[in-house]
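Just so it is clear, none of the values below were taken in a lab; they were calculated from the coordinates. This is a predicted model, so every value here is computed, not measured. Positions of Cβ are generated from backbone atoms using ideal geometry, with glycine treated the same way; all protein chains shown enter the neighbour counts.
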Amino acid sequence: MRDAFMAALTEQAQKDSRVNLIIADIGFKVVDDFVAKMPDQFLNVGIAEQTMIGVAAGMASLGKRPIAYSLGNFPTIRCLEQIRNDLCYHDLDVTVVSVGAGLAYGTLGYTHHTVEDIALMRALPNMKVYSPADALECRAVVELLPTTPGPKYIRLGKNKEPRIHEVQPDLSTGAPVLVRDGSDVTLIVVGPIVTQAIEAADALAKQGVSVRLLTCPVIKPLNIAAIRDAAAGTAGIVTLEEHTLMGGFGSAVLEALAVNGWRIPVLPLALNDAAAATVGSQEYLREHNGLATDSVISRIADFTASV
Amino acid sequence: MVSGAGASHIGSALSVIDIVSVLYGRVANVAPDRVSDPDRDIILISKGHSASGIYAVLGNAGYFPLEWLDRYCVDGAPLGGHVTAHGIPGVEFSTGALGHALPYGAGIAISSKRDGNPRKVFVVLSDGECQEGSNWEAAMLASQHRLGNLTAIIDRNRLQILAATEEISSLEPFADKWAAFGWEVVEVDGHDHDALEAAIGGEHDRPRVVIANTTKGKGVDFMENSVPWHTNSPNAEQAADAIAQLEALREEVAR
């Protein structure tokens with residue numbers, strides 16, 4: 001996904017000189033092609049995320065379209081006030097990108113677990129939030145950028161995520177994207193954890209539970225009407241995300257349903273409210289932080305049976 | 001203005017007001033009828049809490065109707081307690097949280113240099129604000145890119161909210177710190193307009209910092225060098241006294 005992002009961005013920057021890639025010393029070998037092709041549209045500010053966002057904001061004030069790229073929580077939480085005041089308050093066209101979101105860098109410890117970012121970015125005015133599930137969704141998100149003004153946040157996985165879609169989805173309306181149809185329950189997923197959702201859907205099919213599986217790469221603005229329609233005829237909505245429960249995608253769905261007065265049963269599946277002190281692979285940490293595949297399967301089955 | 005509002009930072013406003021007057025009036029390529037001119041210079045007020053002083057300068061320079069000043073901090077009024085670019089001609093960037101404008105200014109300076117645009121960027125900071133690490137991140141970057149189009153002017157009034165800067169987290173040797181970061185350093189009397197003009201103006205081939213030595217609460221005897229007058233707001237009697245003192249100063253300057 002990381003390579004897909006950088007390839008799509010490089011193409012865009014070649015066509016539009018306003019696109020500037022700004023990094024805070026992250027992207028070993030990843031940015032080389034971009035730098036070789038467009039050295040004057042690239043800037044490494046050093047290990048200085050507050051400055052990365054401030055510089056990006058200043059450039060955007062001149063009409064540039066900067067992309068501020070870093071890893072994990074560095075481009076978001078480390079410089080949250082710069083994002084809030086410099087970007088969102090001024091509604092500047094800057095795209096903040098975090099690579100390795102969720103538990104992708106699980107072995108590197110809690111400092112690198114990016115599991116509160118959706119909540120924080122979603123809370124900020126003017127901010128748009130995207131979480132692609134595979135390389136094609138990632139390219140589709142990058143293609144939204146030129147026509148979507150103001151601040152944006154993209155939550156990337158790491159790399160080599162399996163391809164989920166056959167063709168590049170159209171994300172222009174923000175509607176969730178169908179992965180496979182089903183009739184008993186609707187499972188809507190954000191990000192690369194969709195692979196676990198597919199595994200769960202397969203297991204549930206063997207138990208006689210038919211899962212309608214979708215991804216929702218556009219988290220804000222949330223197309224709640226499309227989500228409601230996508231769940232039509234099923235028992236309810238299960239959301240799944242590699243993020244803490246509070247303020248994440250499931251929260252967004254619940255808030256929007258409540259505001260509209262649409263009473264659809266929802267089971268939000270997310271990570272525990274815990275700073276994981278253990279290290280391990282992405283799968284290991286999911287298992288130890290509330291998203292073990294067996295538990296996901298049984299909770300979806302119980303939810304479907306109970307509503 | 002600040003008395004009616006019950007919101008102040010009057011000490012900071014009075015220490016910075018000469019710097020800002022010189023910047024808008026004498027040095028920068030700006031004018032009230034060219035606030036959207038793409039070739040104008042960019043003035044950024046990082047110490048957003050000095051809003052009352054900035055707005056007094058902008059109002060008197062014709063950037064917006066003087067009557068706006070009478071409604072400072074009134075419900076729904078354009079002018080609030082921290083400078084905002086939202087709807088205020090002449091203000092480029094909304095601040096209030098410290099340590100934001102120097103990185104922003106560096107971004108403008110880098111892009112301007114790359115684009116071959118001759119615009120200059122001036123950033124007005126407080127001295128206490130230099131305790132924010134983001135300024136030093138930006139200082140390093142500005143030096144790395146030899147941003148001769150970037151000038152920082154520091155209102156060195158030596159006081160912050162609770163005490164003297166040197167008692168809390170010392171800035172000295174202040175000039176040496178900036179020099180060590182690769183900046184050209186000029187020290188000046190921050191209330192001497194001619195000296196300020198000479199220090200801030202002119203060409204340089206790397207970023208310049210002007211350390212403007214000022215008096216917090218300048219011009220009002222009971223506010224000068226007073227810690228409480230960072231946050232205090234004058235009552236009607238104090239306001240009348242302060243205005244009388246400032247008017248006397250104005251007449252003295254006019255003579």
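Calculate log10 I(q)/I(0) of segment A:129-186 for q = 0.14 Å⁻¹, where I(q) comes from the Debye formula with a single equal point scatterer on each Cα and nothing for solvent. Treating every Cα as an identical point scatterer, log10 I(q)/I(0) equals -0.43. Ranking B:PRO118, B:ASN135, B:LEU150 by how far each Cα lies toward the positive end of the dipole of chain B (charges on Cβ) leaves B:PRO118 at the top.
Above 13 angstrom, tally the Cα pairs of segment B:197-255 and express them as a % of all pairs, no decimals. Beyond 13 Å sits 71 percent of the P(r) for segment B:197-255.
Note that segment A:117-127 has calculated 3J(HN,Hα) couplings of 5, 4, 4, 5, 6, 5, 6, 8, x, 6, 6 Hz, one per residue in order, obtained from phi through the Karplus relation 6.51 cos²θ - 1.76 cosθ + 1.60 (θ = phi - 60°); glycine and proline are x. Going Cα to Cα from A:LYS128, which aspartates and glutamates come in below 18 Å? Please leave out same-chain ones fewer than 8 positions away. Within reach: A:GLU81, A:ASP86, A:ASP91, A:ASP93, A:GLU116, A:ASP117, A:GLU137, A:GLU143, A:ASP170, A:GLU241, A:GLU255. Angle, helix A:249-260 long axis vs. longest principal axis of chain A, Cα atoms, 0 to 90°, nearest 10? Relative to chain A, helix A:249-260 is tipped by roughly 70 degrees. With neighbour counts taken as other beta-carbon atoms within 10 Å, the residues A:PHE303, A:PHE34, A:PHE249 rank, fewest first, as A:PHE303, A:PHE34, A:PHE249. With an 8 Å cut-off on Cα pairs and a minimum separation of 6 or more residues, tell me the relative contact order of chain B in percent. 24 percent. Rounded to the nearest 10 degrees, the inclination of helix A:135-144 to the longest alpha-carbon principal axis of chain A is 60 degrees. Under 5 Å from the amide H of A:THR239 lie the amide H atoms of A:ILE188, A:LEU267, A:LEU269, each residue being 5 or more positions distant or on a separate chain, with H modelled from the backbone and absent for Pro and chain starts. Rounded to whole numbers, the Karplus 3J(HN,Hα) couplings from phi for segment B:98-108 are 7, x, 9, 7, 5, x, 4, x, 5, x, 5 Hz, using 6.51 cos²θ - 1.76 cosθ + 1.60 with θ = phi - 60°, and x at Gly and Pro.
A Förster radius of 41 Å, combined with the Cβ-Cβ distance separating A:TRP262 from B:LYS177, puts the computed FRET efficiency at roughly 0.10. Relative to the Cα centre, the charge distribution of segment A:87-233, modelled as +1 at Lys and Arg Cβ and -1 at Asp and Glu Cβ, gives a dipole magnitude of about 160 debye.
Residues of B:133-142, mean number of Cβ from any other protein chain within 10 Å of their own Cβ, rounded to a whole number?
On the way: counts 3, 9, 2, 2, 11, 7, 1, 4, 9, 2.
Mean inter-chain Cβ contacts per residue within 10 Å come to 5.
In this structure, the residue pairs whose Cα-Cα separation is over 31 Å, taken from A:LYS37/A:LYS158; A:LYS15/A:LYS158; A:LYS64/B:LYS218; A:LYS15/B:LYS177; A:LYS64/B:LYS216, are A:LYS64/B:LYS218; A:LYS15/B:LYS177; A:LYS64/B:LYS216.
Ellipsoid fit via the Cα gyration tensor, the protein assembly as shown: semi-axes of 51, 25, 20 Å, each the root of five times an eigenvalue, largest first. Calculated [222 nm] ellipticity per residue, helices only, for the protein assembly as shown: -10500 deg cm²/dmol; basis is -39500 (n - 2.57) per DSSP H run with n ≥ 4, divided by all residues, nearest 500. Neighbour counts of C-beta atoms inside 10 Å place A:ILE22, B:ILE19 in the sequence A:ILE22, B:ILE19, starting with the fewest.
Taking every Cα-Cα distance in chain A and sorting them into 20 Å bins from zero, the calculated P(r) comes out as 35, 56, 8 percent.
Just check segment A:85-192 against the gyration tensor rule for me: Cα atoms, a ≥ b ≥ c as the square roots of the eigenvalues, rounded for a/c under 1.5, and otherwise prolate or oblate depending on whether a/b exceeds b/c. In terms of gyration-tensor shape, oblate.
Based only on other Cβ atoms within 10 Å, what is the fewest-to-most ordering of B:PHE122, B:PHE174?
Values: B:PHE122 27, B:PHE174 20.
Going from sparsest to densest Cβ surroundings: B:PHE174, B:PHE122.
Springs join every pair of Cα atoms under 10 Å in this Gaussian network model of chain A, and among A:VAL142, A:VAL35, A:VAL129 the largest mean-square fluctuation is at A:VAL35. Computed from backbone phi with θ = phi - 60° and the Karplus coefficients 6.51, -1.76 and 1.60, the 3J(HN,Hα) list for segment A:173-178 is 9, x, 5, x, 10, 6 Hz; x is used for glycine and proline.
Helix A:293-306 versus the longest principal axis of chain A: what angle, 0 to 90°, nearest 10, using Cα atoms? That helix lies at roughly 50 degrees to the long axis.
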